[in-house]
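Here the structure comes first, spelled out in structure tokens, and everything after it is commentary.
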Amino acid sequence: DVCGVIEELGLPYVKLVLPMEFEPKRKCITHFGGLTWEDPRTEAGELLDENRFPKEVVAALKTASGSHAFAGQYQQRPTAREGGLFKRQWFQVVDAVPAEAKRSVRRWDLAATIQQDNNDPDWTVGLKMSTDGLRFYIRHVTRFRDSAEFVRRSIKNTAGLDGPACRIEIPQDPGQAGKDQAKNIIAQNAGFTITALRETGDKGTRAEPFAAQLEAGNVYLEKGDWNEAFIDELCAFPIGHDDQVDAASGAFAFLTRTAGPLQISAKVLNRAKAPHRR
């Protein structure tokens, strides 16, 4: 790893980072010898050279190499296979969840952007987690990129599949728009115990308690086709998408702070109203 050695030794080289798919947060601006060069791309997911590597070729490379290898070889953001905050060896997969794990929540991380052409928007993620009071089981993860209306329908349809015993939690963005979105989603899910929570603190801090229990061997994944993508994202964190990280840490926080039926607090949505039970 020539680049890794150069960075480790602090050698006086100029770093030029050109990912296959453009990532605005990692836009490369290089200064050398009084000259400045910057990546001319502006749109997320814009390809480096669409003539040599058109989007169908890039899609095939992703499938063939896997998300971890693609991130290192084509996106120029290698991460240790064992992970950073989350280590690969911590993840335990089980065939079934014990009956004692009855208390459950479906935690949503919301986005509302449709994937088009080369863009790489955030995912909407709905993660279901259960606990028996000592151990935590991630039972299912659904994720997609679609419109706000599709997001609302999916929350309602998934609630029907999970059943009324499974609580639902959604994040509430600051401002009136966030309040209105939460009100609409809660109204559309009458008959289910659902609450909206305004998140505070940075993503890494929110994820640390969940990571600690994962390291301690108290977290299990129910076997499913979502396992690999979930583990890859957590091991790459904080690089790349973090929607599943937010959903997992949010579900864990919910289960560790609630011991009984959720209150749907209107204070979260409108401080002028008193909380009530559903």
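The values are calculated or read from the model by the stated rules, or taken from the named source; none is laboratory data. These numbers come from a predicted model, not from an experiment. All Cβ positions, even for glycine, are placed from backbone atoms using ideal geometry, and neighbour counts span all protein chains on display. Just the protein is used for accessible areas: all its heavy atoms, side chains included, with ligands, DNA and RNA removed. Shrake-Rupley method; radii C 1.70, N 1.55, O 1.52, S 1.80 Å.
Annotations
- Enumerated strands (runs of 3 or more DSSP E) restricted to the stretch 120-200, each holding at least 2 residues that are over 15 Å from GLY250 (Cα atoms): 136-144
- Boolean, PHE252 is modelled with pLDDT under 95, over 20 Å from PRO174 (Cα atoms) and among the aromatic types (Phe, Trp, Tyr): no
- GLU7 assigned to a helix (DSSP H, G or I) and among the acidic types (Asp, Glu): yes
- For the stretch 1-59, a residue qualifies if it is farther than 15 Å from GLN76 by Cα, open to solvent by 100 Å² or more (accessible area, probe 1.4 Å) and among the aliphatic types (A, V, I, L, M), and the qualifying residues are LEU9, LEU35.
The rows are residues; the columns are (1) surrounded by fewer than 16 Cβ atoms within 10 Å (Cβ to Cβ); (2) within 25 Å of SER130 (Cβ to Cβ); (3) polar (S, T, N, Q).
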site: ASP162; (1), (2), (3): no, yes, no
site: CYS166; (1), (2), (3): no, yes, no
site: GLU169; (1), (2), (3): no, yes, no
site: GLN176; (1), (2), (3): yes, no, yes
site: ILE186; (1), (2), (3): no, yes, no
site: GLU199; (1), (2), (3): no, yes, no
site: GLU208; (1), (2), (3): yes, yes, no
site: ALA211; (1), (2), (3): no, yes, no
site: GLU215; (1), (2), (3): yes, yes, no
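- Single condition PHE237 does not satisfy, out of (1) at pLDDT below 90; (2) surrounded by fewer than 20 Cβ atoms within 10 Å (Cβ to Cβ): (2)
- Here GLU149 clears all of (1) modelled with pLDDT of 90 or more; (2) at positive phi except the condition numbered (2).
- Considered as a group, the residues in the stretch 31-66 that are in a loop (DSSP other than H, G, I, E, B) and among the basic types (Lys, Arg) include one that is farthest from the chain's Cα centre (by Cα), and that residue is ARG52.
- Of the numbered criteria (1) surrounded by 12 or more Cβ atoms within 10 Å (Cβ to Cβ); (2) touching a residue at least 60 places away in the same chain (Cβ under 8 Å), the one ALA96 fails is (1).
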